[in-house]
Each structure stands twice: as structure tokens, then as C-alpha cells.
Amino acid sequence: MPAAFRATPSAERYVLQADALRRRQLGGALLYGSGRSWRRRQRVWPAVVAGLVVVAIVLGGITVAGAFQRQRELDRQEKLQQETGGRTAPGGGF
């Protein structure tokens with residue numbers, strides 16, 4: 001027992017309180033990691049949601065760009081057919 005506790009009249013009480021404090025700190029460390037308390041722990045979910053939103057926007061942009069390119073190609077083919085009078089190549093194009 002440390003010397004500070006020997007001179008104290010209620011040394012047993014202080015030893016028990018110190019032990020209880022140590023147990024609470026260890027329990028908190030096991031539950032919440034190395035952070036000092038659960039309130040300071042950084043949340044992962046907002047970052048995950050923001051990442052999913054960014055991915056959805058990028059995929060939507062790629063899809064719209066692809067559809068726009070395909071529509072331009074179809075418009076070009078239609079214009080080409082109108083200019084040639086709707087004639088196709090001999091053999092049916094196969």
C-alpha cells in the first residue's frame with residue numbers, strides 16, 4: 001500500500017475508490033477505444049453517407065454523359081440517312 005494511504009484514517013475507502021476509478025477507466029477504454037469519452041469519438045456514418053452521395057453523383061454524371069453521347073450518335077445517323085434519302089448499303093448492311 002502506498003505511503004499516502006497508510007497515514008489516512010480511511011485508507012481502505014480510498015484504495016477501493018481508486019480501484020473503482022481504474023476499473024471504470026479500463027471499461028471505458030474497452031468500450032470506446034483510446035478516446036477519452038464517447039462524446040469525443042468521431043462518427044464514421046456521416047463520412048460514409050457523404051461518400052455514397054459523391055459516388056452516386058459521379059455515376060449519374062457518367063450515365064447522363066453516356067446517354068447524351070449515344071443520342072448524339074443516333075441523331076448523326078438519322079441526319080446521315082435523311083441526307084442520303086434513306087438508302088442503305090447493298091446487302092442490307094450485314
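Where a number appears in this text, it was derived from the coordinates with a stated rule and is not lab data. All figures in this text were calculated on a predicted structure; none of them were measured in a lab. Positions of Cβ are backbone-derived with ideal geometry, glycine not excepted, and every protein chain shown enters the neighbour counts.
Brief remarks on what is shown
- With the simple spin-label model, which puts each label point 7 Å out from Cα in the Cβ direction, the LEU52 to VAL64 separation comes to 2.2 nm.
- In plain terms, the chain from ARG24 to GLN82 could stretch by 12.7 nm, reckoned as 0.36 nm per residue minus the Cα-Cα distance.
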